[in-house]
1. Of all residues in the stretch 282-299, count the ones that are surrounded by fewer than 18 Cβ atoms within 10 Å (Cβ to Cβ), touching a strand residue (DSSP E or B) at 6+ places or on another chain (Cβ under 8 Å) and farther than 17 Å from residue 328 by Cα.
2. For the stretch 183-206, which residues satisfy the criterion of being under 23 Å from the mean Cα position of the chain (by Cα), farther than 27 Å from residue 378 by Cβ and in contact (Cβ under 8 Å) with a residue 40 or more places away in the chain?
3. For the structure I just gave you, tell me whether residue 181 is touching a strand residue (DSSP E or B) at 6+ places or on another chain (Cβ under 7 Å) and modelled with pLDDT under 95.
4. Return the pair list, or none, for Cβ contacts closer than 6 Å from residues in the stretch 312-323 that are outside any helix (DSSP H, G or I) to residues that are surrounded by 19 or more Cβ atoms within 10 Å (Cβ to Cβ) and at pLDDT 85 or above, at least 6 apart or on different chains.
5. If you take just the strands (runs of 3 or more DSSP E) that sit entirely in the stretch 162-275, which of them hold at least 1 residues that are out of contact with any helix residue (DSSP H, G or I) (no Cβ under 9 Å at 6 or more places or on another chain) and surrounded by fewer than 20 Cβ atoms within 10 Å (Cβ to Cβ)?
6. Given the conditions (1) in contact (Cβ under 8 Å) with a residue 60 or more places away in the chain; (2) under 28 Å from residue 319 (Cα atoms), which single one is not true for residue 174?
């Protein structure tokens, strides 16, 4: 299977996203959206990859262009335009810092086509627990969620529900309000915004005026059990923006336990002010806050249960908002914690031992298994607080060494013996 590319605003009924790469399980930059249903024989395009060669693509020169630079208004995007069905091959330099087993360039087939993204998927697990994955928040995501919940309860209410928001980069605000509102009482506060001007101060609630953009109120089809079913929300550093709004609302209202790793921290509001037909200014006007007033910006949502991707830790470190240069600070908590980035050589040594990428919702999904333990009242294997603190200290030391122009210190060999997990007993409401 190859990769399909779509450009926002281009003609020919293409998808809404600026750039869609058919690959799951990798954290995207804002313009790189992974589609949940895609596979390419185990090969993936990841954050930091660069195109070094293009073949059989008319009017294209990808040489040295980073994926993040292909914006909707760029000349590359305009030239791609209406060529539905065009095919070709690109050679990708995948030896970026974030890779752990990239020895040779990756040759990828691409095809220009209409992208129809299925943003909601669901299934009933063997133990009777419902699993719903939201990969991004689109126009129909709220309505699609209700449809999937109805299917899950066709033969009776599930024993529990896992809402998977991992690697969900966000999307439309009103869709996020609809998703969170499906599990909360009508009229509940989902998120607030605050900025310098009076019109930036807003409160968004689970009411039709805030979650609907049409006359069809899909909440009328919501099964009653969705308001009371025991829930766990899965998140990671790839959960950003709208997905953080949902996780924060369900966490602040004690509606669900949040499990996984700290989210990305995209908690700012931007508006686009047109200057001419071909140019505009994107202006940050306010920040997002959870129902209890916590700022999401540069901090994200800290899970109730910190669980890594595998029993031995995460497969690799992902960049977060706090790692970006000149990012907007968190006005409520200015002391930010950046991602703990390991030395590249040490990272390669640790990750080269045949660790395969995780299929969300699959049999080997460790975080999902811990979510099921939480719902069943069984012990949950969580990350040790001291290991989290050690990782943060290591990152701070690495940054200090970098500023001095010296090579970052590597972790000692003794650190490898420390498993970043421990077992705790949860105290959830029993699954019914």
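The values are calculated or read from the model by the stated rules, or taken from the named source; none is laboratory data. Just so you know, these numbers come straight off a predicted model, no measurement behind them. Positions of Cβ are generated from backbone atoms using ideal geometry, with glycine treated the same way; all protein chains shown enter the neighbour counts.
1. Residues that pass the stated criteria total 1.
2. 189, 190, 191, 192, 193
3. Considered against the rule, which asks whether it is touching a strand residue (DSSP E or B) at 6+ places or on another chain (Cβ under 7 Å) and modelled with pLDDT under 95, residue 181 comes out as no.
4. Matching pairs, first to second residue: 314/308; 315/309; 318/237; 320/237; 320/264; 320/265.
5. So the answer is 189-195, 202-205.
6. Against the list (1) in contact (Cβ under 8 Å) with a residue 60 or more places away in the chain; (2) under 28 Å from residue 319 (Cα atoms), residue 174 comes up short only on (1).
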